[in-house]
Every structure is written in structure tokens, then in C-alpha cells.
Amino acid sequence: MLWQPSADINTLRARADFNAYIRDFFRLRDVLEVETPLLSRAAVSDANLLPLAATCLSKACYLQTSPEYPMKRLLAAGSGDIYQICKVFRDEELGKRHNPEFSMLEYYRLHFDLQTLKDEVAQLVGDYLNIQRRLDLSYRQAFIKYARLDPFLATDDELQMRVQPFVGALQLNRDECLDLLISHVVEPNLPKDTLVFIGQYPASQAALAQTYENDSADMLAQRFELYVNGLELANGYQELTDVSEQKRRFAKEQAQCAQARCADEHFLQALAHGLPDCSGVALGLDRILMLKLQLKDISEVLSFDFARA
Amino acid sequence: MANYSTNEFKSGLKVMLEGDPCSILENELVKPGKGQAFSRVKLRNLKTGRVWERTFKSGEKLEGADVMDYDMEYLYADGEFFHFMATDGSFEQYAAPVEAVADTKNWLKEQEAYEVTLFNGAPIAVSAPNFVELEVVETDPGLKGDTAQGGTKPAFLTTGAMVRVPLFINIGEVLRIDTRTGEYVSRAKV
């Protein structure tokens, strides 16, 4: 019966408690709660995210895939530390761990380096889930340890060979091979009941993170992901503040995009004005709740999943 | 046939993979945060019955397979083919090869209804109803009085299939068999 909720009422109580826990956490730390528009004139640049298009006052607009751009505009305008709990929308994402509309916590801390931010995320998530064990790995270490493969040194042919058992004859590019291996091989083998932070991603997967060169001349991204029990929970960056580099990345993403997306000019203007040095992170609240309540399907933590929406 | 994109993949959809018709069992979206989305799919190869796991890039397409299940009555075997007749009123007859009938041949009984899967109009699989009633043609003599517990013995049915039965079963008796497990359930009620 599809009129009924997909989560039971106790789960909805746990969700309300979780939101209260988050708000307490940030009140204690003097981080300001903000709201930004869900509906935006410009679409996200990330070629791997599919925004939902809408029409408002005869103008094309998009539901946000994350509140990143308007929150950074607030930072540039001098807001100081901010957080937001909001819905985000991503077309074609539906499954046991995905719903096209889901709840995100996104927050930014001024003058935090990535390590400091990771520690705070470990506290926020670890205290809530009652998990204190923590493992910090670089992207390279995670691949070597769990896939016996060096993601920087492996040749394209070696990578293609490793994905062949999963995809058959299908040809994937380098980043697609790495995406497949991290999700199919690394993720399922990560230790259980542990906060696993994977960092130092290849620069090709930097998204909006700063990049740097390490001692062995690999280009790396100041980015981390948090995994718990094979679920990806959070994605954090040392935020890119350089507007010309940001424009280059927009152009590169747009070249990979099937549909045309115009760059968010308001966001670029904010960067040009000056984004303070900061780190930020986005967390998937539904998945954290799934772990807390030991539920296997995201629909079980949503009042109404997409099938009932 | 139509082509289906990964976001249309759902349990029961029939698609072609590497030249064989397959039925999709499960489709799970896998997407590393900022990366490429994949569909991790489990499919049953309808020719071999084997389950395949295969990952597709989101948006990839597979050709639909012209596969349909029909209720058909089993008629007879001619040594090479097993003959079935559609029960939809068309009386159309189909000859299924041994590979299509596979283990179901253990449970074939004339005038019984079976599900026959046609691929491009030819039978590729035959599945039995969950329970069939078949006669015992060979077994050791029954033990009088042993109706409750005790051991089992082999019994051979008209189809040639062997099932383990209680000791009290005799030749000529008709047994109810669970075709999913190949196990004896009870004596058939006359």
C-alpha cells in the first residue's frame, strides 16, 4: 500500500533526534545554521551529477545537487562558519543506498585544514554512531591494501584488465576504472565498524578541492571521503579559492557533459571577490541513519521513498 | 526489439547479453561520490540457467530479448524432442530439445501443464509446477506397519527419476513430489 510511509514512526523519531543532535553539535561550536535556495538558475558543473530541471516564471532553473555554490557565496560575503541541513536532488540515482531526493548536511569551517575537519567529522559521526575506531588511508594505500594495485603507477591496460571480470568487453577510461575498482573491490573489503577516511585522491578527481604535488610528483587532491561499513557517508575538501583555476575546471567538466550547463556566474563572482581559506564537507544523513538503526535500504529511513513520493 | 537503458533495468526484464537471452534478477546502483555511476546487475542466462554478475556504466543500453513464458501441456517424447501444446486455445505445438527441458524431464507427466519459455519462438526452458504426482515403478517391498518414523529407501518413478521415500511405499503408488527440491511430500490422495 503506497499511501503508507516507507519508514516506521520510530525511525522518524530517530531522524528528528538526529537533526537535534546535529544542531546541538554546531550550536556548541558557534557554527551558524543557514538556508539557501533549493532552486537555482545555474546547474551544477560536475559531469557525474544529473540535476533535475524545472521551470519557474518561464525561466529554466535546476534543483540543487548540493548547496555548495550558494554556501560559498555566503562565506565570501563574510558569514563565518556555516552549516545547512537540506534536501538535494540527483536524477537517475535510485537503489538501496540512493534516493533521487535525499538529506544532506553540508558545512564549512574557516581556517580549518583538512586534517582538522576530518577530526571534527570523526567526532560528529563517531559519537552519533558510537564508533571510535578510526583508520586513515590515502587513496593509494587503500588500493594497494584492498585491491593490490597502485592507482598512480598501474598502466591503463592493467586497469582495463582488472575491471574486465566485472564489465566484460566494455572499455572504461582511467578514472572510470578507478571508480569501478574502489566501489566493487576496495569498499566491500574495508574494515567493519570503523570510521575509514580515504584521502589524497588523484587530482583528476579533485572536484572543487585544492590540488598539490607530492614528493613523487603525483598530483593529488585535498579531498577525503568517509566510509563506514562499506557506505560512503561524507566527502570533504580543502576548498579551492582560486577563481581562474575554478573556471578551468568548469570548462573541463562542461566538455564532458552530455547536456550544456552554463557556469554559475554568481559563484564565480563570489570567488573573484574572495573566498576565505576554508574546508568543507557534505554528509549523507539518510545513510548515517541507516547505520545507526542497522537498516539495509534507504527507503526504510525516508518518510516516503521515491516510489511513494 | 526495443533497447533498454540501465535505469530501466528491473527484476524480470528480458535482455540480450553476449548473444544469450537473460532475465534481470537484481540491479543495484553503485556510485562513488564524485565518480562514474554504475549498475551492478545480476542476470539469469535463460539458456543455461546460470547467474551472471555484470556491471554496466549508467546509461548503457541492452537489446531486449524476445522471450515469453507460456503455459503448455506436455504431450510426449520422441527420443529427440519433448513435445508440448499451448493451452491458450491455439493448440500450437512446440518441440523442446533436451537442453531446454534439462532437469524438468524428471517431472514430466502427460497432460500436465508446464511453463515453457520461448525465445524467438523456440523453447529454451521448461519449468515444472511446484508439485507433481508420479507413480512408483520400482522400489524395495514396503514394510508393513512402518508408517511413522524410520529410514528412507530409493524409489524410481515413471520418468526415471529417483526420490528418497519412506519404507512403507510400494510399487504402483502415486506420490506427490516437490519439484523444487526433488523431495517426496506424501502419497497422492486418490
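The values are calculated or read from the model by the stated rules, or taken from the named source; none is laboratory data. Quick caveat, the model's predicted, so the values are computed rather than measured. Note that each Cβ is placed from the backbone with ideal geometry, even for glycine, and that neighbours are counted across all protein chains shown. The accessibility values were calculated without ligands, DNA or RNA, using every heavy atom of the protein model including side chains. Shrake-Rupley method; radii C 1.70, N 1.55, O 1.52, S 1.80 Å.
In the range B:58-80, is there at least one residue being touching a Cys at 6+ places or on another chain (Cβ under 9 Å), under 23 Å from B:Pro123 (Cβ atoms) and free of Cβ contacts under 8 Å to residues at least 24 places away in the same chain?
So far as the range B:58-80 goes, no, none of its residues is touching a Cys at 6+ places or on another chain (Cβ under 9 Å), under 23 Å from B:Pro123 (Cβ atoms) and free of Cβ contacts under 8 Å to residues at least 24 places away in the same chain.
Search the range A:270-308 for residues being buried (at least 18 other Cβ atoms within 10 Å of the Cβ) and hydroxyl-bearing (Ser, Thr, Tyr), and hand back the single one that is farthest from A:Ser6 (Cα to Cα).
A:Ser279
Given the criterion within 14 Å of another protein chain (Cβ to nearest Cβ) and assigned to a strand (DSSP E or B), identify the matching residue among B:Arg44, B:Arg40.
Working: B:Arg44 fails: within 14 Å of another protein chain (Cβ to nearest Cβ).
Going through B:Arg44, B:Arg40 in turn, just one is within 14 Å of another protein chain (Cβ to nearest Cβ) and assigned to a strand (DSSP E or B): B:Arg40.
Considering only the range A:11-130, give the strands (runs of 3 or more DSSP E) lying wholly within it that have at least 2 residues that are open to solvent by 10 Å² or more (accessible area, probe 1.4 Å) and out of contact with any Gly (no Cβ under 8 Å at 6 or more places or on another chain). Even if it seems obvious, please write down each step before you answer.
Details: elements: A:53-56, A:59-63, A:82-89, A:101-110.
Strands (runs of 3 or more DSSP E) meeting the threshold: A:53-56, A:59-63, A:82-89.
Return yes or no: is A:Leu190 more than 9 Å from every other protein chain (Cβ to nearest Cβ), modelled with pLDDT of 95 or more and over 18 Å from A:Leu124 (Cα atoms)?
Answer is yes for this residue.
Which number in (1) open to solvent by 20 Å² or more (accessible area, probe 1.4 Å); (2) at pLDDT below 95 marks the one condition that A:Ala206 misses?
Condition not satisfied by A:Ala206: (1).
Out of the residues in the range A:239-269 that are more than 24 Å from B:Gln36 (Cβ to Cβ) and assigned to a loop (DSSP other than H, G, I, E, B), which is most open to solvent (accessible area, probe 1.4 Å)?
A:Asp242
Which one is nearest to the other protein chains (Cβ to nearest Cβ) among residues in the range B:47-59 that are part of a loop (DSSP other than H, G, I, E, B) and surrounded by fewer than 16 Cβ atoms within 10 Å (Cβ to Cβ)? Outline the logic, then answer.
Taking the range B:47-59 as the starting set, the residues that turn out to be part of a loop (DSSP other than H, G, I, E, B) are B:47-50, B:58-59.
Narrowing further to those that are surrounded by fewer than 16 Cβ atoms within 10 Å (Cβ to Cβ): B:48-50, B:59.
Values: B:Thr48: 16, B:Gly49: 20, B:Arg50: 15, B:Gly59: 8 Å.
So the residue we want is B:Gly59.
Per-residue answers, yes or no, for (1) modelled with pLDDT of 90 or more; (2) in contact with a helix residue (DSSP H, G or I) (Cβ under 9 Å, 6 or more places away or on another chain); (3) closer than 21 Å to B:Ala77 by Cβ; (4) surrounded by fewer than 17 Cβ atoms within 10 Å (Cβ to Cβ):
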site: B:Phe91; (1), (2), (3), (4): yes, no, yes, yes
site: B:Val98; (1), (2), (3), (4): yes, yes, yes, yes
site: B:Thr117; (1), (2), (3), (4): yes, yes, yes, no
site: B:Glu135; (1), (2), (3), (4): yes, no, yes, yes
site: B:Pro141; (1), (2), (3), (4): no, no, no, yes
